[in-house]
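Read the structure below first, then the notes.
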Amino acid sequence: MLTRDRLIQRFHSYGTPRDRWLIGGEFERLALRSDGGPVPYHGEGGIRWILETLAARHGWAVVREGEYPIALLRDGASTTLEPGGQVELSGAPHASLADVAAEGLRSLAELQALSAEADLRWTALGLTPYADIADVSWVPKGRYEVMRSYLPTRGDRALYMMKGTTSFQANFDFADEADCALKLGTMSRLGALTTAMFANSPLLGGEETGFMSYRGEIWTRTDPDRTGFPLAEDYTHEGWVDYLLDVPMMFFKQDGRWAHAGGRTFREYMNTGLDGSRPTWDDWALHETSVFPEVRVKRTIEVRGADAVPLPLAFAGIALWTGVMYGGLDEAAALSRDFAATAPTADRFAEACRAGLEGSLGGRSLAAWAEDLIAIGRKGLADRGPEERALLAPLEAQVASGESPAAAALRAWREDPSPAVFLPKVGY
């Protein structure tokens with residue numbers, strides 16, 4: 001039987017010795033038709049065809065829900081689907097950044113090879129640029145069936161988040177509770193910089209949104225119970241468990257079927273049951289995936305606040321976070337406190353979403369703040385060898401330009417917004 005004490009103890013068991021710390025990358029990819037339209041799950045050249053073809057050609061094992069393929073597994077990695085058919089690689093944990101990059105490139109090459117056989121354009125943007133969200137079809141997963149009815153009651157952009165957004169993320173180890181608290185607090189306080197450096201979602205429905213990262217803005221209008229920056233200043237494993245216990249649940253599994261939880265909490269589920277059932281460890285693990293803060297703690301720490309960008313820039317972001325968290329954490333923590341002192345969290349994040357690196361806080365541009373962070377990350381990578389330090393170069397160049405990736409996307413859009421011209425300029 002699960003108890004609060006057992007859940008807290010589970011988190012205390014997750015600490016990893018420093019000499020065994022690993023890195024995991026996650027990359028969401030947006031598939032579009034050549035006319036900018038969404039790629040449906042069903043039909044010729046659709047998302048189902050993509051999964052089945054990858055499995056047949058590249059040794060992925062297929063995971064099905066009922067008759068439908070919904071995920072692939074291979075060598076500790078998975079290829080999964082977001083609600084609108086976004087294709088995500090969740091990489092295996094690796095000791096080196098070079099291996100993270102090699103895995104990401106291999107996955108992308110497999111996807112790009114399919115473009116020659118179907119009308120597919122793999123697009124490195126954080127938000128689908130042309131489609132009306134209502135025209136994006138749903139992936140047939142029971143979990144998403146529940147989410148599509150619950151989340152719109154919590155935020156007016158919830159369906160946009162589910163069906164239209166893409167990002168890249170990374171996972172990192174921590175040594176113990178104190179190390180976890182320092183890493184989560186640092187990366188949470190710097191969350192607006194993460195959004196600004198990789199802001200790349202200025203378009204929606206064939207129009208400019210007025211934001212460099214409209215994906216980031218969408219997340220603020222999805223569900224305040226499960227987004228944002230919880231426990232950024234006072235993290236403890238106990239506090240994190242209590243946060244998870246009191247987040248209203250969207251769903252749970254009952255007799256192998258997805259059931260609506262009706263906003264009841266996991267604490268209630270654990271203490272008194274729901275519809276005659278009590279939770280298992282698998283139910284707890286499922287619940288952990290149903291909260292979406294900008295920095296999330298599970299067995300590892302997941303940094304989540306970046307729009308999807310071309311892979312070299314995504315690898316540079318993961319390299320930066322590696323240098324910060326595995327080499328320069330104390331210095332980054334000090335910078336994060338100075339940055340946090342410039343404005344309340346919501347205001348910092350809003351400025352990053354609106355203006356990207358061209359925004360300003362505390363009398364300095366966000367690009368200047370990012371340069372300070374990159375200097376820390378570069379020093380933190382000093383012992384990892386020249387090959388891994390070189391991965392940081394695309395981000396150094398991006399920040400030196402003073403602009404987020406969205407600025408180049410907007411210039412291309414204003415020159416010619418037709419899909420035939422625009423999409424090749426924002427592809428992988």
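The values are calculated or read from the model by the stated rules, or taken from the named source; none is laboratory data. As the structure is a computational prediction, the values presented were derived from the model and not from experiment. With ideal geometry, Cβ positions are generated from the backbone for all residues, glycine too; neighbour counts draw on all protein chains shown.
Only residues in the range 11-31 that are touching a residue at least 60 places away in the same chain (Cβ under 8 Å) count as the first member; pair them with residues that are basic (K, R) and surrounded by 12 or more Cβ atoms within 10 Å (Cβ to Cβ), Cβ under 7 angstrom, at least 6 apart or cross-chain, and list the lot.
Y14/R299
Criterion first (touching a residue at least 24 places away in the same chain (Cβ under 8 Å), of a type in the set (F, W, Y) and under 30 Å from R106 (Cβ atoms)) does W369 satisfy it?
Against the criterion (touching a residue at least 24 places away in the same chain (Cβ under 8 Å), of a type in the set (F, W, Y) and under 30 Å from R106 (Cβ atoms)), W369 does not qualify.
Kindly provide the set of residues from the range 264-313 that are small (G, A, S) and in contact with a strand residue (DSSP E or B) (Cβ under 6 Å, 6 or more places away or on another chain), ordered by number.
Answer for the range 264-313, where residues must be small (G, A, S) and in contact with a strand residue (DSSP E or B) (Cβ under 6 Å, 6 or more places away or on another chain): S277, A306, A308.
So in the range 145-177, with the set limited to residues that are among the hydroxyl-bearing types (S, T, Y) and in contact with a helix residue (DSSP H, G or I) (Cβ under 9 Å, 6 or more places away or on another chain), which one is surrounded by the fewest Cβ atoms within 10 Å (Cβ to Cβ)?
Ranking the qualifying residues of the range 145-177, first place goes to Y150.
Would you mind finding the one in R106, R154, R121 that is closer than 26 Å to L22 by Cβ and either in contact with a Cys (Cβ under 8 Å, 6 or more places away or on another chain) or basic (K, R) (or both)?
After applying the criteria, what remains is R106.
Please state which one of T80, T123, T128 is crowded, with 17+ Cβ neighbours inside 10 Å, under 23 Å from the mean Cα position of the chain (by Cα), under 30 Å from S213 (Cβ atoms) and without any contact (Cβ under 8 Å) to a residue 24 or more places away in the chain.
T80
If you check G385 against the conditions, is it within 16 Å of A192 (Cα to Cα), touching a Ser or Thr at 6+ places or on another chain (Cβ under 9 Å) and either surrounded by fewer than 23 Cβ atoms within 10 Å (Cβ to Cβ) or free of Cβ contacts under 8 Å to residues at least 40 places away in the same chain (or both)?
No, not satisfied.
So R29 clears everything in (1) in a loop (DSSP other than H, G, I, E, B); (2) on the phi < 0 side of the Ramachandran plot; (3) surrounded by 15 or more Cβ atoms within 10 Å (Cβ to Cβ) except one condition, right? Which one?
Evaluating R29 over (1) in a loop (DSSP other than H, G, I, E, B); (2) on the phi < 0 side of the Ramachandran plot; (3) surrounded by 15 or more Cβ atoms within 10 Å (Cβ to Cβ) leaves (1) as the failure.
Report, by residue number, each residue of the range 217-248 that is in contact with a Gly (Cβ under 7 Å, 6 or more places away or on another chain), touching a residue at least 24 places away in the same chain (Cβ under 8 Å) and either closer than 30 Å to T280 by Cα or crowded, with 24+ Cβ neighbours inside 10 Å (or both).
T222, D223, F229, L231, A232, Y235
With the requirement that a residue be over 26 Å from G24 (Cβ atoms) and surrounded by 23 or more Cβ atoms within 10 Å (Cβ to Cβ), what does the range 341-352 give you?
Matches in the range 341-352: R348 only.
Pairs needed: first member in the range 404-428, in contact (Cβ under 8 Å) with a residue 40 or more places away in the chain; second member anywhere, basic (K, R) and crowded, with 19+ Cβ neighbours inside 10 Å; C-beta distance under 6 Å; at least 6 residues apart or different chains.
Listed pairs, sorted by first residue: L423/R121.
Checking the structure you have, find out if any residue of the range 45-55 is within 21 Å of the chain's Cα centre (by Cα), aliphatic (A, V, I, L, M) and under 23 Å from P310 (Cβ atoms).
Yes, the conditions are met somewhere in the range 45-55.
When you look at V324, is it of a type outside the set (D, E), closer than 30 Å to S107 by Cα and in contact with a Gly (Cβ under 7 Å, 6 or more places away or on another chain), yes or no?
yes
Of all the helices (runs of 4 or more DSSP H) wholly in the range 253-329, which have at least 1 residues that are within 15 Å of the chain's Cα centre (by Cα) and buried (at least 21 other Cβ atoms within 10 Å of the Cβ)?
So the answer is 311-327.
Return the residues of the range 308-345 that are in contact (Cβ under 8 Å) with a residue 60 or more places away in the chain and more than 23 Å from K379 (Cβ to Cβ); say none if nothing qualifies.
A308, V309, P310, L311, T345 - these are the residues of the range 308-345 that are in contact (Cβ under 8 Å) with a residue 60 or more places away in the chain and more than 23 Å from K379 (Cβ to Cβ).
Select, from D383, D372, the only residue that is at pLDDT 95 or above and acidic (D, E).
Among D383, D372, only D372 is at pLDDT 95 or above and acidic (D, E).
Write out, first by first residue and then by second, each pair whose Cβ atoms fall under 9 Å of each other, whose residues are 6+ apart or on separate chains, and whose first residue, in the range 259-272, is on the phi > 0 side of the Ramachandran plot while the second is surrounded by fewer than 16 Cβ atoms within 10 Å (Cβ to Cβ) and assigned to a helix (DSSP H, G or I).
Close Cβ pairs satisfying both conditions: G263/T153.
Among the helices (runs of 4 or more DSSP H) lying completely within the range 372-428, list those that include at least 1 residues that are under 28 Å from R354 (Cβ atoms).
Where helices (runs of 4 or more DSSP H) fall fully within the range 372-428 and carry at least 1 residues being under 28 Å from R354 (Cβ atoms), they are 393-400, 405-415, 419-425.
If D338 satisfies every condition in (1) surrounded by fewer than 16 Cβ atoms within 10 Å (Cβ to Cβ); (2) touching a helix residue (DSSP H, G or I) at 6+ places or on another chain (Cβ under 6 Å) but one, which is the exception?
Exception for D338: condition (2).
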